[in-house]
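Here's the structure, in structure tokens; my notes come after.
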Amino acid sequence: MSEPPPRTRVLLADDHAIMLGGLKAILAGELDLEIVGEARNGIEAVAQAKALQPDLLIMDIQMPRLDGLGALVAVREQAPATRVIMLTSVDDQETLFKVIHAGGSGYVLKKSAEDELLVAIREVLAGGAFVRPPIQLMLAADTQARVDAGDSPDGYETLTAREKEVLALLARGFTNQQIADEFVLSVRTVETHRAHIMEKLGLRGRAALVEYAMRKGYLA
């Protein structure tokens with residue numbers, strides 16, 4: 001009898017016990033998800049992420065000792081394979097830009113968590129990014145403005161033809177396996193193409209890639 005597939009290991013970080021309880025209730029019915037730890041501040045979140053190396057971290061932006069943005073930057077260094085979904089109370093444009101550019105995989109409004117969190121989790125675990133449409137438009141406009149001002153050089157023309165094809169599919173939400181199947185490549189080759197794309201374009205994280213792809217016209 002074959003062993004069941006391993007469950008996705010999730011770390012939760014929020015300084016409000018009620019919110020933590022709500023997050024656990026939302027995830028309780030998902031048999032493929034396993035909560036492996038909880039943190040009540042940013043310092044604890046970074047420490048636990050380093051120790052546990054979870055697959056996914058769901059973290060509040062506003063926390064004591066070290067806020068979520070500072071913790072996100074540290075987690076990306078200490079647990080680079082951990083995907084991070086940030087929780088926020090408001091659609092603050094500047095803060096959300098910082099989340100995306102720091103390597104966050106997306107964000108969920110606390111007031112919408114019950115409806116959006118599982119959707120966000122599935123999108124992120126499939127290799128995508130979860131960014132709500134209004135912020136997608138703001139991100140695209142902001143990036144274009146920075147490129148026009150010469151603050152963010154565009155390395156698109158340095159991509160190979162195959163890398164451009166991979167970029168287009170990544171932006172549309174294809175997983176590495178789906179891209180490998182599409183082009184009859186190994187998953188490792190797709191991962192290499194993806195790494196080269198990120199390096200050449202100066203991007204960090206899937207959400208930043210989606211932002212870039214919107215500007216290039218891959219997303220409507």
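The values are calculated or read from the model by the stated rules, or taken from the named source; none is laboratory data. Model, not experiment: these values are computed from the prediction. Don't worry about glycine lacking a Cβ; one is built from the backbone with ideal geometry, like all the others, and counts go over all protein chains shown.
ALA47 fulfils the conditions (1) in contact with a Leu (Cβ under 9 Å, 6 or more places away or on another chain); (2) more than 17 Å from GLY106 (Cβ to Cβ); (3) not charged (D, E, K, R) except for a single criterion, (1).
Yes/no per residue for (1) surrounded by fewer than 19 Cβ atoms within 10 Å (Cβ to Cβ); (2) small (Gly, Ala, Ser); (3) modelled with pLDDT of 95 or more:
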residue	(1), (2), (3)
LEU12	no, no, yes
GLY22	yes, yes, no
MET63	no, no, no
ASP67	yes, no, no
PRO80	yes, no, no
ASP91	yes, no, no
VAL99	no, no, no
GLY103	no, yes, no
TYR107	no, no, no
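Report yes if some residue within the range 180-190 is under 20 Å from PHE130 (Cα atoms), out of contact with any His (no Cβ under 8 Å at 6 or more places or on another chain) and not small (Gly, Ala, Ser); otherwise report no. No, because not a single residue in the range 180-190 is under 20 Å from PHE130 (Cα atoms), out of contact with any His (no Cβ under 8 Å at 6 or more places or on another chain) and not small (Gly, Ala, Ser). Listed by position, the helices (runs of 4 or more DSSP H) inside the range 163-220 whose residues that are at pLDDT 85 or above number at least 3 are 176-183, 187-201.
Scanning the range 111-118 for any residue that is touching a strand residue (DSSP E or B) at 6+ places or on another chain (Cβ under 8 Å) and at pLDDT 85 or above turns up at least one such residue.
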